[in-house]
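These notes are about the structure you will find just below.
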Amino acid sequence: MPQEPEELMDDLRRMGLVDPAAYPVADAVCAAELRQALFFRNASRGNPQVEALLRDLAEEAGGLDQAFAAAFGPQAGRFFSKVSRSTPLGRRTFLKGLAAGAALVTLTNCGVKREQAGGSGPVEVGDLEKKTLKVGFIPITCATPIIMAKPMGFYERYGMDVEVVKMPSWGAVRDSAIAGELDAYHMLAPMPIAMTLGLGTAPFSVKLASIENINGQAITVAKRHAGKVKEAKDFKGFVIGVPFPFSMHNLLLRYYLAHGGINPDTDVQIRPVPPPDSIAQLVAGDLDAMLMPDPFNQRAVYEDAGFIHLLTKDLWNGHPCCAFATGEPWIQEHPNTFRALNKAIIDATNYAHKQDNRVEIAKAISGRAFLNQPPEVVEAVLTGKFENGLGETFNVPDRIDFNPYPWQSFANWIQSQLVRWDLGKAASMIQAGDFDANSASIFLTSEAQELERSMGLNPPAEQFRVEKLAFDTFDPKQPMQYIDEQKKRDGF
C-alpha cells in the first residue's frame, strides 16, 4: 500500500472512491486559514464553517485522528503537527490529503458500494410511479436491511433515491403511517395486524411485505438484580419494559412469564418504553428488566447497566420480529414502486443473512445518521460474539438473523396471542374462522413468493408451517385449540 499521501490519493481516485465534491470542499477550506481549522481540537480558532465541516467529517469517521491515521498511516503526523509551526501545508498536498480523508469518511460511513458487495449493478425495474421516497425506521438492529439498503446502494440499484427517516417511537410510526407522512415503514410484525383490525386504534389497512429480521431480542435485567434472577418466577413484582404493546417483545415476554407461573397482567407491570429510552430507565430504577430489541440489550451490558438473562431465540428460534410494511392506499397508488422497494429490501435482507457480511454491515449502520451506537456494540449483536454482563462470553451466530419470507403461520401465532391476552380487545374481534383470512390479507406471502422467484431466489412453496417454540408447538390450523391448551397449562 502506498505510504505517500499523494500516491494514496491517486490510487483512491483510480478505484473510484473519491467523491469529486471533495475537491471544491477542500478548496473552500483552504481559503479559510487551514492550519487553525485542521487543529480544531486545541481551540475554536479559524473559520467556524470550516471547523464545523471538519468536525462533521471527523465525527462520521470516528474522530479526525482515526480518519487521517487510517488514510495515511505513518504519514498522519504530517497533518497533525502543531499549528504554530512556521512552514504551512502545501496547497496541493492538503487538497490531496483532504480528498483522501473525505474518501475515507465516505467508506466509513457508507460501507462498500453494492457492486463491491457482490451485486450485479442496476436492475430493470420498469416504470416507477415515484423514485424519491422516504422510509421510516426505529434505530435498532432489527431495521438492518432497511437502514443498510441506503448507504450500501440497494435502493439505488433498484432505481430509487430513498431517504431513511429516524422515528422516535413505535407510536410515532403508527401515527405517521395513518397520516400518510412517509412512503413506507419499519414496523413490528404485529403492528400491521393490529392496525388493520383496529386494535387500539381506528382501523387502517397496512400490508406486511417482508420480514426484516428473525430472533434478535433479549430479556435484559438491571445489574442491581444480578444473582437474584434465574427464572421466570423471579420476575414477580418487576416493572418490565417492552417497546410497544403490539410487539413480538410483549407477546414473547408474556409467553415466557406465563409458562413460569407469572401472570403478566397481575404479577408484573409491563410498560411500553421507546427503545432509545430503555437504558436510562433501567439505570434510574424505573425499570427492573426489559425485553427490548438490540442493540439496547448489548448496550446495557456495554454501559454496565444490566445483564442479558435470555435471548428470545431460546424461546422461539426463528421467530419474526420486525417487518417492512406500508399502507394499502400507498401500494395501490404506487404498485411498481412498491415492487421495486420490496425487492431492494429482500435483496438487502438476503445479503445481511450471510455471516461474512455482518462486520461490514455493522460499520455501515452504526453511525450517527442511523443507529448512533458504538460499532463494537452493533458488531457484537450482528456477529453473535458477545458478553452477557455477568462475565460470560458467548458465540451465537444466529442471535439475530435475516430472512424476508413472511410465513402465514407467523401471523396466525401473533393473532393467537393477541386473542389470548385480549390486547386491544382482540378476543372479541378475532373469531375462530378469521385467522387464515386475516393472515392472507395482511401478510403478502404470495406476493413475496412471486417477487423472490423473479429475483432468482428459491422461496418456500408452503405458506404455513408448524412452529416449534420452547414450551409448545403451534399448529397454525388450530389456533383456538392452542390458546386453550396454553391457558390450561399455565393456569390463566
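The values are calculated or read from the model by the stated rules, or taken from the named source; none is laboratory data. The shown structure was predicted, so the numbers you read here are calculated from the model rather than taken from an experiment. FYI the Cβ positions are ideal-geometry reconstructions off the backbone, even for glycines, and counts take in every protein chain you see.
Below are the figures for this structure:
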read-out	value
Test result for residue 365, in contact with a strand residue (DSSP E or B) (Cβ under 7 Å, 6 or more places away or on another chain) and more than 22 Å from residue 175 (Cα to Cα)	no
Residue in region 168-176 that is farther than 26 Å from residue 398 by Cβ, at pLDDT 95 or above and in contact with a Leu (Cβ under 8 Å, 6 or more places away or on another chain) present	yes
Within region 324-356, considering residues that are among the charged types (D, E, K, R) and under 15 Å from residue 404 (Cβ atoms), the one surrounded by the fewest Cβ atoms within 10 Å (Cβ to Cβ)	354
Residue, surrounded by the most Cβ atoms within 10 Å (Cβ to Cβ), within region 188-230, restricted to residues that are aliphatic (A, V, I, L, M) and over 30 Å from residue 329 (Cα atoms)	218
Residues within region 400-445 that are acidic (Asp, Glu) and touching a strand residue (DSSP E or B) at 6+ places or on another chain (Cβ under 9 Å), tallied	1
Boolean, residue 344 is at pLDDT 95 or above, within 26 Å of residue 465 (Cβ to Cβ) and not in a loop (DSSP other than H, G, I, E, B)	no
Residue count for region 257-310, restricted to those that are over 17 Å from the mean Cα position of the chain (by Cα) and closer than 16 Å to residue 231 by Cβ	16
Residue in region 420-432 that is within 17 Å of residue 254 (Cα to Cα), aromatic (Phe, Trp, Tyr) and touching a residue at least 60 places away in the same chain (Cβ under 8 Å) present	yes
Positions within region 153-179 being in a helix (DSSP H, G or I) and either outside the structural domain of residue 367 (by TED's automatic domain parsing) or β-branched (Val, Ile, Thr) (or both), in sequence order	173, 178
Answer from 282, 371 - the residue that is surrounded by 17 or more Cβ atoms within 10 Å (Cβ to Cβ), over 24 Å from residue 179 (Cα atoms) and not assigned by TED's automatic domain parsing to the domain that holds residue 191	282
Residue match in region 253-266 (condition: among the charged types (D, E, K, R), closer than 24 Å to residue 135 by Cα and crowded, with 21+ Cβ neighbours inside 10 Å)	no
Single condition residue 303 does not satisfy, out of (1) crowded, with 24+ Cβ neighbours inside 10 Å; (2) under 17 Å from residue 140 (Cβ atoms)	(1)
Selected residue (criterion: farthest from residue 440 (Cα to Cα)) from residues of region 462-481 that are touching a helix residue (DSSP H, G or I) at 6+ places or on another chain (Cβ under 9 Å) and part of a strand (DSSP E or B)	473
Region 435-483, residues that are among the acidic types (Asp, Glu), closer than 17 Å to residue 404 by Cα and without any contact (Cβ under 8 Å) to a residue 12 or more places away in the chain	450, 462
For residue 384: the one exception among (1) farther than 16 Å from residue 142 by Cβ; (2) out of contact with any helix residue (DSSP H, G or I) (no Cβ under 8 Å at 6 or more places or on another chain)	(1)
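Quick grid of which residues meet (1) touching a residue at least 40 places away in the same chain (Cβ under 8 Å); (2) part of a helix (DSSP H, G or I); (3) under 21 Å from residue 312 (Cβ atoms); (4) not aliphatic (A, V, I, L, M):
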{"residue": "358", "(1), (2), (3), (4)": "no, yes, yes, yes"}
{"residue": "362", "(1), (2), (3), (4)": "no, yes, yes, no"}
{"residue": "367", "(1), (2), (3), (4)": "yes, no, no, yes"}
{"residue": "370", "(1), (2), (3), (4)": "yes, no, no, yes"}
{"residue": "373", "(1), (2), (3), (4)": "yes, no, yes, yes"}
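Every residue, every condition in (1) part of a helix (DSSP H, G or I); (2) under 26 Å from residue 349 (Cα atoms); (3) of a type in the set (Ser, Thr, Tyr); (4) under 27 Å from the mean Cα position of the chain (by Cα), yes or no:
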position	(1), (2), (3), (4)
391	no, no, no, yes
397	no, yes, no, yes
451	yes, yes, no, yes
483	yes, no, no, no
